[in-house]
1. Please report, in debye to the nearest 20, how large the charge dipole of the chain is about its Cα centre when each Lys and Arg carries +1 at its beta carbon and each Asp and Glu carries -1 there.
2. Using a 1.4 angstrom probe with every protein chain in place, what is the largest-first accessible-area order of Glu43, Glu38?
3. Amide H neighbours of Ser45 under 5 Å, counting only residues 5+ apart in sequence or on other chains, H built in-plane at 1.01 Å?
4. Can you give me the accessible area per residue for the chain, using a 1.4 Å probe, in Å²?
5. When only Cα pairs under 8 Å and 6 or more residues apart are kept, what is the percent relative contact order across the chain?
6. Expressed in nm², what is the orientationally averaged projection area of the convex hull enclosing the Cα positions of the chain?
7. Calculate one ³J(HN,Hα) per residue across region 16-21 by plugging θ = phi - 60° into the Karplus curve 6.51 cos²θ - 1.76 cosθ + 1.60, and present them in order as whole Hz with x for glycine and proline.
8. Taking loop as defined by DSSP and a crowding limit of 14 other beta carbons within 10 Å, which chymotrypsin sites (Phe, Trp or Tyr not before Pro) in the chain fit?
Amino acid sequence: MAKYGARLIVPIDVKKKPWEQKLPLHNRWHPDIPPVAEVKMGELSGVEMVDFSGGGITKEYAAEDIKNADPST
């Protein structure tokens, strides 16, 4: 049977922190960061995402809280 829809390229376990994920996560493209997957031209694909804090930033945070958040996590 044919499969329809996007192929999930980067799955995320929402119960884990970003640094605990199966595939290494990063927040930008950089030539020194190796790719975790490839897609063909025109292929329908999907990527799940999680915030850098691993859920540490909540809806109660204000802009000033985000500005002063520790980005090292």
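The values are calculated or read from the model by the stated rules, or taken from the named source; none is laboratory data. No experiment lies behind these values; they were computed from the predicted model shown. Backbone-built Cβ (ideal geometry, glycine too); neighbour counts: all protein chains shown. The protein model used for the area step is the full one, side chains on, heavy atoms only, and it has no ligands, DNA or RNA in it. Shrake-Rupley method; radii C 1.70, N 1.55, O 1.52, S 1.80 Å.
1. Values: 10 positive and 11 negative charges, 72 e Å.
That gives the chain a dipole magnitude of about 340 debye.
2. Glu38, Glu43
3. Arg7
4. In whole numbers, the chain has 91 Å² accessible per residue.
5. It rounds to 41 percent for the chain.
6. One quarter of the hull surface, i.e. the mean projection, equals 7.4 nm².
7. 10, 6, x, 7, 9, 5
8. Working: sites: Tyr4, Trp19, Trp29, Phe52, Tyr61; in loops: Tyr4, Trp29, Phe52, Tyr61.
In loop regions of the chain (DSSP not H, G, I, E or B), the sparsely surrounded chymotrypsin sites (Phe, Trp or Tyr not before Pro) are Tyr4, Trp29, Tyr61.
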